[in-house]
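Where a number appears in this text, it was derived from the coordinates with a stated rule and is not lab data. Note that the structure is predicted; figures quoted are calculated from it, not measured. No Cβ is skipped: glycine too gets one built from the backbone with ideal geometry, and neighbour counts run over all protein chains shown.
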Amino acid sequence: MATDVEIVNVADEPGWEVDPDDEWGVAVIAMVGRQLKLRREQAGMRAADLGKAVGYGEDMIYKIESGKRIPQPAFLDTADEALRAGGLLAAMKEDVDKVRYPKKVRDLADLEAKAVELQLYDPLNIHGLLQTPEYARALLLMRRPAYTEAEVERFIAARMARKSVFERDPVPELGFVLEEWTLRRPLGGRTLLRRQLEYLLEAAQLRNVELQVMPTDREEHAGLAGGIELLKFKDGSATGRSPVVGNGRPLHEPRQLHVLELRYGIIRAQALTPRESTAFVQELLGET
């Protein structure tokens, strides 16, 4: 079957290993493995039989059952059907999907999923929520010491998963301030940069997104101390993060949040307006 061929091709891809330092993730995958083995044995199937039914090798079945490999969603669906598990295995997809992403990314994604307003400033890169997969990969491959291939795949998947914030209903208000130099430097090549600029223009058209550019010729800049993340929630509470306030830890104390809000407000005032910023990105795209 076409599905079997697809599973065989992707079953042993990098990026599906279990992070041994993620206690919750290890526990989830171990539980899934135990349930899979239990259902297989109840069905009177050998590992090789199940592997043949779902398009996996026998060794991969054992890896999943022993909690050494994160099962892919398609595998859980197919295994559930093959073992007549009544939806038990398929129902684990949501938790299993989260395990693939690093814990700190999961924590951040959980906050972003609850926020009604996000105000974001990154002085070093185009913000992760605005990166294309290709641009994100290029940045991750430049890291020194180098990430392993599995780490690169894991981080890309996590970064792209966070983009679900754009698809929420109701949608949150999203504000980004980007540095001009990050839009000019052709990291990964000009072809990647061009597609990235096109994506920024697409994002800027969304009614809940305000995208602003900080020109490099500004004589005053309130963001020199570092990046800022401000997330506000429906109940009026907020959390923030910045490398120079609280050493990058999540902040909830009103006085510290006020500092971040003050800085972000000044940064926005110093940057181009959203309309000017869109025109600026269009001009850069024409030059690329």
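A few comments on the model shown:
- In plain terms, the residue of 258, 221 with the fewest other Cβ atoms within 10 Å comes first and the most crowded comes last, giving 258, 221.
- Shown in residue order for region 123-129 are the 3J(HN,Hα) couplings computed by the Karplus curve 6.51 cos²θ - 1.76 cosθ + 1.60 at θ = phi - 60°: x, 9, 9, 4, 4, x, 5 Hz (x for Gly and Pro).
- Considering all different alpha carbon pairs of region 2-99, the Kirkwood hydrodynamic radius works out to 13.1 Å.
- Alpha-carbon centroids, region 216-260 and region 46-119: separation in whole Å: 35
- Mean-square fluctuations from a GNM of the chain, with a 10 angstrom spring cutoff on Cα atoms, peak among 237, 66, 277 at 237.
- Given charges at beta-carbon only (K, R positive; D, E negative), |dipole| of region 178-258 in Debye: 300
- When Rg and the Kirkwood Rh are both derived from Cα coordinates, the Rg/Rh ratio for region 139-183 amounts to 1.10.
- J(HN,Hα) series, region 215-223, from Karplus relation 6.51 cos²θ - 1.76 cosθ + 1.60, nearest Hz, glycine and proline x: x, 6, 8, 5, 8, 10, 8, 7, x
- 3J(HN,Hα) from dihedral phi, region 168-178, Karplus parametrisation 6.51/-1.76/1.60, rounded to Hz, x for glycine, proline: 5, 9, x, 6, x, 7, 10, x, 10, 10, 10
- Across 54, 177, 259, mean-square fluctuation computed from a Gaussian network of the chain (C-alpha pairs under 10 Å connected) peaks at 259.
- Taking amide H as placed 1.01 Å from N in the peptide plane, residue 210 has its amide H under 5 Å from the amide H of 174, 175, 176, each at least 5 places away in sequence or on another chain.
- Percent breakdown of C-alpha pair distances by 5 Å bin, ordered from the shortest bin, for region 112-265: 2, 8, 17, 19, 21, 18, 11, 4, 1
- Rounded to the nearest 20, the size of the Cβ-charge dipole of region 125-212 about its Cα centre is 320 debye, with Lys and Arg at +1 and Asp and Glu at -1.
- Between residue 95 and residue 252, the modelled labels are 2.5 nm apart [label points 7 Å from Cα along Cα→Cβ].
- Take the chain and mark each of the GluC sites (Glu not before Pro) that is in a DSSP loop with at most 15 other Cβ atoms within 10 Å; the longest unmarked stretch, sites excluded, is 1-218.
- Cβ-placed point charges (K, R +1; D, E -1), dipole of the chain about Cα centre in debye, nearest 20: 320
- Using just its DSSP H runs of length 4 or more, each adding -39500 (n - 2.57), the chain gives a mean residue ellipticity at 222 nm of -15500 deg cm²/dmol after division by all residues.
- Along principal axes, Cα extents of the chain, largest first, whole Å: 73, 44, 38
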